[in-house]
């Protein structure tokens with residue numbers, strides 16, 4: 001029987017085990033951490049994830065999408081909470097398109113369960129990867145509880161062990177001409193769990209992503225099934241009027257929320273008491289190449305870790321599975337051919353999703369409250385409504401199609417420039433009547449095709 005080793009039982013590793021088992025492989029998965037399913041997973045343990053089209057496509061391809069939908073909550077748009085004034089709702093797409101909030105812990109546990117339903121998948125916990133022989137496909141592990149050493153040789157090895165991949169560090173990064181960069185952004189994040197009302201109801205609208213944009217930083221909230229919201233504050237560590245390193249006491253935290261997020265503070269006046277419930281964490285972008293050597297391939301964050309501001313880290317990793325699976329069929333499991341084409345196809349898209357994520361942070365924390373941006377978005381949405389088969393906004397391309405990330409980034413930038421030119425040429429402003437905007441759009445589309 002064909003044998004595969006997967007290093008890392010996170011989201012991508014657990015899903016990829018399902019794919020390989022369906023293709024007739026005996027799959028051994030090795031995970032450094034204990035079995036998370038035996039611990040109590042609270043909704044607010046880590047940043048909630050947003051599952052969108054690419055993720056659902058990968059899950060549905062192996063028949064497990066509906067199991068994940070049971071633990072996912074649709075969000076049809078974003079609700080903006082300005083410092084002063086009323087909230088503002090901005091739909092994500094047309095025809096009730098939605099992204100889905102899901103707890104990282106819950107979806108990971110569910111994927112482990114689903115992978116182990118196949119008798120040919122076995123997950124070994126507390127096993128730290130200490131080395132990999134890239135040519136032989138032999139992986140070496142140390143048990144974190146007993147110190148016992150072990151090794152396993154397989155036909156093919158997949159490193160899905162995250163941004164700080166031990167397999168990549170101990171083996172791939174030792175290769176001649178292996179390129180690697182690790183860049184931390186200036187901002188960190190801290191989570192806060194906004195509890196449900198006493199009767200279990202939600203304190204905010206359930207089916208939307210909530211954002212408190214504040215220019216240089218922001219707070220977001222994603223819904224959980226128990227009526228709570230997983231909230232995340234993204235903010236500079238230092239060097240700004242408001243930064244994490246200045247929030248050094250309970251009083252400072254409380255005053256910060258009173259001043260900067262007054263409506264949130266009204267819902268959670270004990271926010272300062274919950275401040276230390278979750279650690280302050282940093283955010284890094286990791287790029288590397290090649291992703292394939294000998295019998296080993298990098299997938300998910302091990303290959304292209306990104307920051308979470310477009311909600312595409314998991315979706316991009318799941319799309320790695322889709323692409324790898326298609327290549328398995330194309331090349332009849334010739335792993336040399338698969339590996340070579342996989343990295344050529346996916347590397348530019350891994351880079352693009354990182355660029356998209358950084359750019360979207362600027363949008364979320366600043367532009368979503370900017371009248372000029374709101375006008376641009378209004379016109380773009382109208383383009384999409386009038387020409388749904390030929391015009392796709394950037395957000396739509398990324399979240400609701402499988403258009404390559406690199407293509408979405410290029411076309412999105414081009415479209416934004418086009419709309420800015422139309423606004424300038426026709427002196428469009430927030431008071432321009434919609435029928436006039438429609439005339440401008442129809443005229444433009446007759447003369448141009450933005451997306452073929």
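Checking segment 417-434 against the condition returns no match, with no residue being in contact with a strand residue (DSSP E or B) (Cβ under 9 Å, 6 or more places away or on another chain) and more than 22 Å from residue 320 (Cα to Cα). The residue that is surrounded by the fewest Cβ atoms within 10 Å (Cβ to Cβ), among those in segment 111-125 that are in a loop (DSSP other than H, G, I, E, B) and out of contact with any strand residue (DSSP E or B) (no Cβ under 9 Å at 6 or more places or on another chain), is 119.
Looking at 399, 384, 390, just one residue is surrounded by 16 or more Cβ atoms within 10 Å (Cβ to Cβ), at pLDDT below 90 and outside the structural domain of residue 319 (by TED's automatic domain parsing), and that residue is 384.
Does segment 203-218 contain any residue that is closer than 22 Å to residue 74 by Cβ, touching a helix residue (DSSP H, G or I) at 6+ places or on another chain (Cβ under 7 Å) and part of a loop (DSSP other than H, G, I, E, B)? Looking for residues that are closer than 22 Å to residue 74 by Cβ, touching a helix residue (DSSP H, G or I) at 6+ places or on another chain (Cβ under 7 Å) and part of a loop (DSSP other than H, G, I, E, B), one finds at least one in segment 203-218, hence yes.
Within segment 369-407, the set of residues being closer than 20 Å to residue 77 by Cα and within 22 Å of the chain's Cα centre (by Cα) comprises 392, 393, 394, 395, 396, 397, 398, 399, 400, 401, 402. Mind listing whichever residues of segment 74-89 are closer than 30 Å to residue 113 by Cβ and buried (at least 19 other Cβ atoms within 10 Å of the Cβ)? If the condition is that a residue be closer than 30 Å to residue 113 by Cβ and buried (at least 19 other Cβ atoms within 10 Å of the Cβ), then 75 is the only one that fits. More than 30 Å from residue 290 (Cβ to Cβ) and in contact with a helix residue (DSSP H, G or I) (Cβ under 7 Å, 6 or more places away or on another chain) - does that describe any residue in segment 344-355? No; the residues of segment 344-355 include none that is more than 30 Å from residue 290 (Cβ to Cβ) and in contact with a helix residue (DSSP H, G or I) (Cβ under 7 Å, 6 or more places away or on another chain). Given the structure, is residue 132 at pLDDT 95 or above, out of contact with any helix residue (DSSP H, G or I) (no Cβ under 6 Å at 6 or more places or on another chain) and in a strand (DSSP E or B)? It is false that residue 132 is at pLDDT 95 or above, out of contact with any helix residue (DSSP H, G or I) (no Cβ under 6 Å at 6 or more places or on another chain) and in a strand (DSSP E or B).
Could you say which residue among 94, 99 is loosely packed, with under 14 Cβ neighbours inside 10 Å and within 30 Å of residue 263 (Cβ to Cβ)? Walk me through how you get there before you give the answer.
Working: 99 fails: loosely packed, with under 14 Cβ neighbours inside 10 Å.
None of the other options fit; the residue is 94.
Residues in segment 249-261 that are part of a helix (DSSP H, G or I) and more than 12 Å from residue 219 (Cβ to Cβ): 250, 251, 252, 253, 254, 255, 258, 259.
Among the listed residues 124, 158, 141, which satisfies the condition of being in contact with a helix residue (DSSP H, G or I) (Cβ under 9 Å, 6 or more places away or on another chain) and not assigned by TED's automatic domain parsing to the domain that holds residue 209?
On inspection, the qualifying residue turns out to be 158.
Does residue 128 satisfy being surrounded by fewer than 14 Cβ atoms within 10 Å (Cβ to Cβ) and under 30 Å from residue 26 (Cα atoms)? Taking the combined requirement at face value, the residue does not satisfy it.
Would you be able to tell me the number of residues in segment 263-292 that are under 24 Å from residue 237 (Cβ atoms) and in a helix (DSSP H, G or I)?
Total satisfying the criteria: 6.
Here residue 108 clears all of (1) within 28 Å of the chain's Cα centre (by Cα); (2) buried (at least 20 other Cβ atoms within 10 Å of the Cβ); (3) part of a strand (DSSP E or B) except the condition numbered (3).
The values are calculated or read from the model by the stated rules, or taken from the named source; none is laboratory data. Remember, predicted model here, so these are calculated numbers, not experimental data. With ideal geometry, Cβ positions are generated from the backbone for all residues, glycine too; neighbour counts draw on all protein chains shown.
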